[in-house]
Amino acid sequence: MNPVNLLDFDLDALTAWCGELGEKRFRAVQLFRWIHQKGESDFARMSDLAKSLRGKLAGAAMVQPLQVISEQASSDGTIKWLFDVGGGNAVESVFIPEDDRGTLCVSSQAGCAVGCRFCSTGHQGFSRNLSTGEILAQLWFAEHHLRTRLALPAGERAITNVVMMGMGEPLQNYSALVPALRVMLDDHGYGLSRRRVTVSTSGVVPMIERLQADCPVAMAVSLHAPTDGLRDQLVPLNRKYPLAELLSACRAYLSAAPRDFITFEYCMLDGVNDSPAQAQQLIDLVSGRGGQPRVPCKFNLIPFNPFPASGLKRSPRDRVMAFAKVLQDAGIVTTVRKTRGDDIDAACGQLAGEVQDRTNAQNRLTRPVIRIEAS
Ligand code: SAH
Ligand code: SF4
């Protein structure tokens, strides 16, 4: 029998599994803390676990890390890891340090089935869902690697925020996502507050409704267009879940959410969605004037990160600022995202760049390299 991967379990599932071994809940808590809080994967070193339990674990279970294919560090401190998930697939995580926080951008799928026009992951197509263990292995590795690398004092965390904004549509991998979120939030796990864990979605309406009930965390919705006509073109999922349904789900979500606003992400595409008139349409859309419910929100304008196959261009800076001003003048908090990690292709939507060519990814998988380009 293959050993089970303990990274696949939230605390309740680990407790149930330990129960099958005849172990009490407090033993599961100890084990969970060793894994997630101390980053330990070797049962023999879990010194306060009973010898008998360590014996049962050996052979029956393991903590399965992801193999790091490459690491790139940007001059601005951003670090990107490419992880092997087998079968020629790779996913990426990006660490973004700021003065008061450390954010990890985590992937949920190898590829993505939504196929947004402006996203290189979307152009790559869908390979497969990541397991809970593969989602958590990104955080497990990054947290414990960074604690050592940054020589953090005992008890200090490297990662204070997680955003599910890497490769993939997290709400199309719901059953693996939710236990992973629970481990992030668990005080015996990573102890992150619900406000500091963000799920970003292109708008999988039924799953927004389920997340509200199962595990409400901060929510970012990738809007990108003020009308169904344009959004149908940019985010094909809009044909299934049009704006009226999406906005209703957003509004309902806020009744249970840890924050009292939705963050709308809006990728600025030159001549496509960036006119002042479209900014005004957005105001009408979220303020309830278009007949939809009013949605308390903030806007995050993302300068488009171009890639060759997209055929799209980044909006000029003055156009982005003019667009932001229209929204701000209407009282909507609007930020323009700083592009981080540009020099290592770690910015939004560029994450698939390196793995787009499956043949290249295959080559890389047979020849692992650790590459550090700048520090
Ligand atoms: N699938 C989810 C989360 C991953 S994408 C979603 O779509 O929300 C994370 C963010 O990056 C989304 O807001 C997405 O629209 C944005 N993005 C994708 N490609 C981009 C690109 N080329 N330039 C800038 N932002 C991009
Ligand atoms: Fe998928 Fe998000 Fe990229 Fe759209 S933007 S293709 S949903 S990863």
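The values are calculated or read from the model by the stated rules, or taken from the named source; none is laboratory data. Given the structure is predicted, the values throughout are model-derived calculations rather than measurements. Glycine gets a Cβ as well: all are built from the backbone with ideal geometry, and neighbour counts include every protein chain shown. For the accessible areas, the whole protein counts, side chains as well, though only heavy atoms, and no ligand, DNA or RNA atoms are used. Shrake-Rupley method; radii C 1.70, N 1.55, O 1.52, S 1.80 Å.
Residues that are more than 30 Å from Arg314 (Cα to Cα), touching a Leu at 6+ places or on another chain (Cβ under 8 Å) and of a type outside the set (Asp, Glu) within segment 240-281 comprise just one, Tyr253.
For segment 288-298, does any single residue satisfy the condition of being part of a strand (DSSP E or B), open to solvent by less than 30 Å² (accessible area, probe 1.4 Å), in contact with a Ser or Thr (Cβ under 8 Å, 6 or more places away or on another chain) and not small (Gly, Ala, Ser)? Yes, because at least one residue in segment 288-298 is part of a strand (DSSP E or B), open to solvent by less than 30 Å² (accessible area, probe 1.4 Å), in contact with a Ser or Thr (Cβ under 8 Å, 6 or more places away or on another chain) and not small (Gly, Ala, Ser).
Filter segment 238-250 down to the residues that are within 15 Å of ligand 1 (Cβ to nearest atom) and surrounded by 23 or more Cβ atoms within 10 Å (Cβ to Cβ) and list them by number. Passing the criteria: Asn238, Leu246, Ala249, Cys250. Only one of Val183, Val217 is open to solvent by less than 10 Å² (accessible area, probe 1.4 Å) and over 14 Å from the mean Cα position of the chain (by Cα); which? Just one listed residue meets the conditions, Val183.
Among the acidic types (Asp, Glu) and either near ligand 2 (Cβ under 9 Å from one of its atoms) or within 14 Å of the chain's Cα centre (by Cα) (or both): does that describe Glu143? Against the criterion (among the acidic types (Asp, Glu) and either near ligand 2 (Cβ under 9 Å from one of its atoms) or within 14 Å of the chain's Cα centre (by Cα) (or both)), Glu143 does not qualify. Restricting attention to segment 64-121 and to residues that are among the acidic types (Asp, Glu) and over 15 Å from the mean Cα position of the chain (by Cα), the residue that is surrounded by the most Cβ atoms within 10 Å (Cβ to Cβ) turns out to be Asp84.
Comparison of Asp284, Asp270, Asp260 shows that the only residue that is among the charged types (D, E, K, R), within 13 Å of ligand 1 (Cβ to nearest atom) and out of contact with any Asp or Glu (no Cβ under 6 Å at 6 or more places or on another chain) is Asp270.
Restricting attention to segment 299-342 and to residues that are in a strand (DSSP E or B) and open to solvent by 50 Å² or more (accessible area, probe 1.4 Å), the residue that is nearest to ligand 2 (Cβ to nearest atom) turns out to be Arg314. Could you tell me whether any residue of segment 151-159 is crowded, with 19+ Cβ neighbours inside 10 Å, modelled with pLDDT of 95 or more, of a type outside the set (D, E, K, R) and at negative phi? Yes, segment 151-159 has at least one match. Of the helices (runs of 4 or more DSSP H) lying entirely inside segment 165-238, the ones with 1 or more residues being touching a residue at least 60 places away in the same chain (Cβ under 8 Å), within 16 Å of ligand 2 (Cβ to nearest atom) and within 22 Å of Asn273 (Cβ to Cβ) are found at 228-234. The residue pairs whose first member lies in segment 122-148 and is free of Cβ contacts under 8 Å to residues at least 60 places away in the same chain, whose second member is open to solvent by 50 Å² or more (accessible area, probe 1.4 Å) and within 13 Å of ligand 1 (Cβ to nearest atom), and whose beta carbons are closer than 8 Å, counting only pairs six or more residues apart or on different chains, are Gly125/Ala113; Phe126/Ala113; Asn129/Gln172. The one condition from (1) assigned to a strand (DSSP E or B); (2) within 14 Å of the chain's Cα centre (by Cα); (3) over 20 Å from Ile302 (Cβ atoms); (4) of a type in the set (S, T, N, Q) that Gln138 does not meet is (1).
Is it the case that segment 6-22 has a residue that's open to solvent by 50 Å² or more (accessible area, probe 1.4 Å), part of a helix (DSSP H, G or I) and closer than 21 Å to Leu146 by Cα? Among the residues of segment 6-22, not one is open to solvent by 50 Å² or more (accessible area, probe 1.4 Å), part of a helix (DSSP H, G or I) and closer than 21 Å to Leu146 by Cα, which makes the answer no. Of the candidates Gly59, Gly133, the single residue that is under 30 Å from Glu20 (Cβ atoms), open to solvent by less than 10 Å² (accessible area, probe 1.4 Å), away from ligand 1 (no atom under 16 Å from the Cβ) and not in a strand (DSSP E or B) is Gly133.
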